[in-house]
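Worksheet: the structure to be examined is printed underneath.
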Amino acid sequence: MTTGAFPPAAMSSFETGARQGRLRQYQLQLIERIQAARSGALAARKELGVMLGGRPCLLDLTQLGEIVIASGVQIQGVPLAQDWYLGLAAMRGRLTAIVDLARYMGEPACAAGHHCRIITFSPRLGLNCALLVERVLGLRQLRALQAMPLPGAVPPWAAQALRDSDGQQWLRLDLAQLAQSERFLDAGFGGLAAHKDIC
């Protein structure tokens, strides 16, 4: 059937209706995905793999906000802060604390590069914070990973140790527990008392 069988006005109305139908279907799919993520169903299937201090780690999708290319973010340092507390950055109109999680974990600092990313905390964690990571490794299917005993020297907010089919070991982190850690919340320099006259 040729398009000449329809007058231009009818074709325009038909195309508009088809576009609206596709848009409505896309919106419904998006709403379903958001609801699944909020309920934890999506996180039960997949988590975000990141590299921290040369160690592959997994982050719960429901605990994350957005992923930003680090080179595009201006971070303003804060005097007398811990070395893992990189400073503050304006992200979507809000001042956000930026933490080098690898350095916080006692690993080498994240080396600057085009592969570095900044991952914000989900607003539901109640902490306006973001993590600098070496690179994002993509999504990993949890059910495809095998549980392992946690190594001895891991923080309490390391929820689980896992191994994939290639033998790669992953450390699954719980950012909700991290956000409540007293040490994480105290980014001030440990020797501040000795420098109380500096103002």
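The numbers here are math on the coordinates, done by the rules we state, and not lab data. Fair warning: this is a prediction, and the values are worked out from it, not measured in the lab. Cβ: placed from backbone, ideal geometry, glycine included. Neighbour counts: every protein chain shown.
Sorting the segments 145-156, 62-73 by their residues' average number of neighbouring beta-carbon atoms within 10 angstrom, most packed first, yields 62-73, 145-156. Toward the positive end of the charge dipole of the stretch 54-155, with +1 on the Cβ of Lys and Arg and -1 on the Cβ of Asp and Glu, the farthest Cα among G106, Q141, N128 is that of Q141. The phi torsions of the stretch 86-100, fed into the Karplus equation with coefficients 6.51, -1.76 and 1.60 and a -60° offset, translate into couplings of 6, x, 10, 9, 7, 10, 6, x, 10, 6, 10, 6, 10, 10, 7 Hz, rounded to whole numbers, with Gly and Pro shown as x.
Electrostatic bookkeeping for E66 treats Lys and Arg as +1 and Asp and Glu as -1; over the other residues with beta carbon under 11 Å from its beta carbon, the sum is +2.
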